[in-house]
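The values are calculated or read from the model by the stated rules, or taken from the named source; none is laboratory data. If you're wondering where the values come from, they're calculated on a predicted model, not measured in any experiment. Ideal geometry is used to build each Cβ from the backbone, glycine not excepted, and the neighbour counts take in all protein chains shown. The protein model used for the area step is the full one, side chains on, heavy atoms only, and it has no ligands, DNA or RNA in it. Shrake-Rupley method; radii C 1.70, N 1.55, O 1.52, S 1.80 Å.
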Amino acid sequence: MEATVILPILKKKLAFLSGGKDRRSGLILTIPLCLEQTNMDELSVTLDYLLSIPSEKCKARGFTVIVDGRKSQWNVVKTVVLMLQNVVPAEVSLVCVVKPDEFWDKKVTHFCFWKEKDRLGFEVILVSANKLTRYIEPCQLTEDFGGSLSYDHMDWLNKRLVFEKFTKESTSLLDELAVINNESDKGNQQEKERSIDLNFLPSVDPETVLQTGHELLSELQQRRFNGSDGGVSWSPMDDELLAQPQVMKLLDSLREQYTRYQEVCRQRSKRTQLEEIQQKVMQVVNWLEGPGSEQLRTQWGIGDSIRASQALQQKHEEIESQHSEWFAVYVELNQQIAALLNAGDEEDLVELKALQQQLSDVCYRQASQLEFRQNLLQAALEFHSVAQDLSQQLDGLLGMLCVDVAPADGASIQQTLKLLEEKLKSVDLGLQGLREKGQGLLDQISNQASWAYGKDVTIENKENVDHIQGVMEDMQLRKQRCEDMVDVRRLKMLQMVQLFKCEEDAAQAVEWLSELLDALLKTHIRLGDDAQETKVLLEKHRKFVDVAQSTYDYGRQLLQATVVLCQSLRCTSRSSGDTLPRLNRVWKQFTITSEERVHRLEMAITFHSNAEKILQEFSEQSETINEREQFDEIEAVGKSLMDRLTVPVVYPDGTEQYFGSPSDMASTAEHIREKMKLVSLKKQQLRQPEATTTES
């Protein structure tokens, strides 16, 4: 009988096994009667169910039945006691009727249970609730009878339902798993290579049943020792009631069968997975060796320009995109195969490794071909990019060479020449880079046959090689032509630099000569205080004239060089036509001024020499005719010199220039007059003796 069938009756709690025991270790069966009329049929069903729970060993120790009649009538109690004779006569050893206080005293005399012991088969006693402990320990009595044993009927009923459900489901599941496992073993023995067509799904989930069993077992083990006040409360589903051992036995059997079932499922899943992997591997291999390889066979060119190479790269990226989808499948398959190898059987290892090796070989070969093609196209793009840059540089250099040079000065020519050299150097570097890129591309093309799948790519390679070599040769010829033109332009520009330099230096020579003329007029004004100093000034002046002469000659040579350079460059000098007249004019002015300076210094030397001679040599003797003539000559030279100081230098163009400032000239003239006064005084001194002699 299952609890689910009589669940409404069991919920009424007409009787229950609390788990308590009497002093003989017999179970205590409690029948709590209530004020309402008790249905004897339902009580009988309840007792039959409860008495089916304990083991035979436990039943042999007998039951102590507590009939709680405190809330019931005497005739009901009597009927229940008599009913026990028919329901459990052999198992009942003692019936304790809990009576209400001073209520049944008169009625007991009409029916004495103790006199009916032989007929009933068990002893019946009437006892008050507070005296029940004379027969049963307080720790074995529930709280209704003043004991400490805790009992929750609904909790017990729920656990009983769980127990019976687990027992039923686990038993059924064990039978199903046994059938599945046995049929699987037969199938494996008969035909190992074929998958077994069996129903591998049991009616209930084994995991759920196992979880229910573990939870039930855990609850039973916790309820076994849940005592209060130092006592021990025994569950109605403990070891002696066969609940815990039965659950453990079922769990062990279920785990064993479920483990076998899992292994069967694992073997079938592994076989199914292996077949799926084989199918996917062949799909990947067939596509890569078929359409994938055919796509690469049709792509052999490198393009003849940047745009063409970029278009080929875009096409290759589309091919790579298609391959990447299959490579993703390869990665997934490789992981699955690796997992099976780690957990596979010995008989599957060889097949799995062969699949893995085949898949890896095809994928790696195809990936290498894709990478090679990508590298080739990238090298071609770089080659064409360098070629285009070099072509633009050559065009720029050629355009610069085709424009006639019309610089403003030598600095601009130097700058233009520097720019030209930089462009030529850049072209050299560009051509060198083009050669390196071209050689690298040629090396890659020579290896193209390694991924051509036996296809003859000689013709295609020859077209690519001819194109690369043609580009490099064309750039070399263009560069050589530019170099020749640069050499001519460099020579011309260097001559122009020299021309501008000569013109600038010639103009500088004119400036220097003008500065010398200016210095001659403004600073070379002293005539000396005596003959010696004047001679020194004359010597310095001659050296000064030599410097001016060298400057003039240098300017003339530079102007002659400009004429030669202009004839070579077939151009007219912009400055030589003006510089030469300026040079000649300044030189003429300097020459006239220098000659005037020499005349004045020579007159000063004559004046100072004669004056010093007279002042030093003539004694105080009387003046002679010869001495008188010398005095007259000194005075004449002095006056002539002072007159010359006031006369300007007149140039051929009619312009006039004075030496120094008027004050400078006045100072020089004053010095001459002072010296003439000394000479005059000396003359008077010589005349005084002569006058004295005449008077005498």
Mind listing the long-range amide H neighbours of residue 649? Cut-off is under 5 Å, sequence gap 5 or more, other chains count too, H placed in the peptide plane at 1.01 Å from N.
657, 658, 659
In terms of modelled amide H atoms, which long-range or inter-chain residues lie less than 5 Å from the amide H of residue 92?
63
What percentage of all Cα-Cα pairs in the stretch 356-437 are separated by more than 15 Å?
71 percent
Ordering 1, 493 from largest to smallest accessible area (1.4 angstrom probe), what's the sequence?
1, 493
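When the solvent-accessible surface of protein heavy atoms is calculated with a 1.4 angstrom probe, in what order do 391, 25 fall, highest first?
Putting 391, 25 in descending order of accessible area: 25, 391.
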Tell me the accessible surface of residue 330 in square angstrom (1.4 angstrom probe, heavy atoms of protein chains only), to the nearest ten.
30 Å²
Simple spin-label estimate for residue 144 and residue 389 in nanometres, 7 Å along Cα-Cβ:
10.3 nm
The long-range amide H neighbours of residue 20, using H built 1.01 Å from N in the peptide plane and a cut-off of under 5 Å, are 28
Under the Karplus relation 6.51 cos²θ - 1.76 cosθ + 1.60, θ = phi - 60°, what is the ordered set of whole-Hz ³J(HN,Hα) values for the stretch 416-427, x standing for Gly and Pro?
5, 5, 5, 4, 5, 5, 5, 5, 5, 5, 4, 5
Multiply the residue separation of residue 211 and residue 640 by 0.36 nm, subtract the distance between their alpha-carbon atoms, and state the gained length in nm to one decimal.
139.4 nm
In 5 Å bins starting at 0, how do the alpha-carbon pair distances of the stretch 627-668 split up by percent?
5, 19, 20, 17, 15, 11, 7, 4, 1, 0
In whole Hz, what ³J(HN,Hα) sequence does the stretch 296-301 give by Karplus (6.51, -1.76, 1.60; θ = phi - 60°), x for Gly and Pro?
6, 5, 7, 9, 10, x
Ranking request for peptides 128-141, 593-606: highest mean number of other beta-carbon atoms within 10 Å first, then the rest in descending order.
593-606, 128-141
So, relative contact order of the stretch 288-376 in percent, Cα under 8 Å, 6 or more apart, is 42 percent
Once phi is turned into ³J(HN,Hα) by the Karplus curve 6.51 cos²θ - 1.76 cosθ + 1.60 with θ = phi - 60°, what whole-Hz value does each residue of the stretch 373-379 show in order, with x for glycine and proline?
5, 5, 5, 5, 5, 5, 5
